[in-house]
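In what follows, a single structure is set out as structure tokens and then discussed.
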Amino acid sequence: AAAEALTLLASYPAAHDLFDTAQDQAWVELVLKRCAEEEGALALLDALEPLAKEEVAEAREPALLATLKRAPQDFAAAGRLALLYEEREQPERCLELLVPLEEGLKTEAGEGARILGNLLVGQAPERGLALWAPYVERHLPAAQKAEQEFDQAVKRASDAALQRLNSGKGPPAFY
């Protein structure tokens, strides 16, 4: 319920000014530190992110580590933590986190599978490809849809430009 309330609060532009003072930011940091190890902390962090982006970013790693401590096979949380490590250019931490989860990541086919596949493909191509295949299979339809929508948008823009030119509404230098 708290996460839903914060999400609703974050949807109001005026709420973004709530955490402008140092005292308010200190309060946010205190809340984040205390909730980082609690169940549901990730939902709270996701809800708070629009209001206090930097503070949430710092609290996300401890919350993800606490989640994985409670549920070591949480592949989605492992993938989110691996994304943090990937952004920080820490491949060794990604490997340490993801290699023990390799078989489950193939089934989950999320970001953890992509990251581990990227790291393994140079050393063990068959392992890397085994992780990539389900990831690509899962994400390919969305990529194909986006490509199709882009092509349609380009065609509509091109058709509109040609129609404008053909109707004599183009720049005088064109004619």
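The values are calculated or read from the model by the stated rules, or taken from the named source; none is laboratory data. This is a predicted model, so every value here is computed, not measured. As a convention, Cβ positions derive from the backbone with ideal geometry for all residues, glycine included, and neighbour counts pool all protein chains shown. Side chains are part of the model used for accessible areas, which takes the heavy atoms of the whole protein and leaves out ligands, DNA and RNA. Shrake-Rupley method; radii C 1.70, N 1.55, O 1.52, S 1.80 Å.
The residues of the stretch 95-146 expose, per residue, 56 Å² of accessible area to a 1.4 Å probe.
Kindly provide log₁₀ I(q)/I(0) values, in the same order as q = 0.17, 0.22 Å⁻¹, from the Debye equation applied to equal alpha-carbon scatterers of the stretch 62-168. Taken in order of the listed q values, log10 I(q)/I(0) reads -0.77, -1.09. Candidate cross-link partners of K145 among the lysines, defined by an alpha-carbon separation under 24 Å and a same-chain spacing of 8 or more, comprise K106, K155. Could you compute the FRET efficiency for L165 and D46, with r as their C-beta to C-beta distance and R0 at 30 Å, rounded to 0.05? The calculated FRET efficiency here is 0.05.
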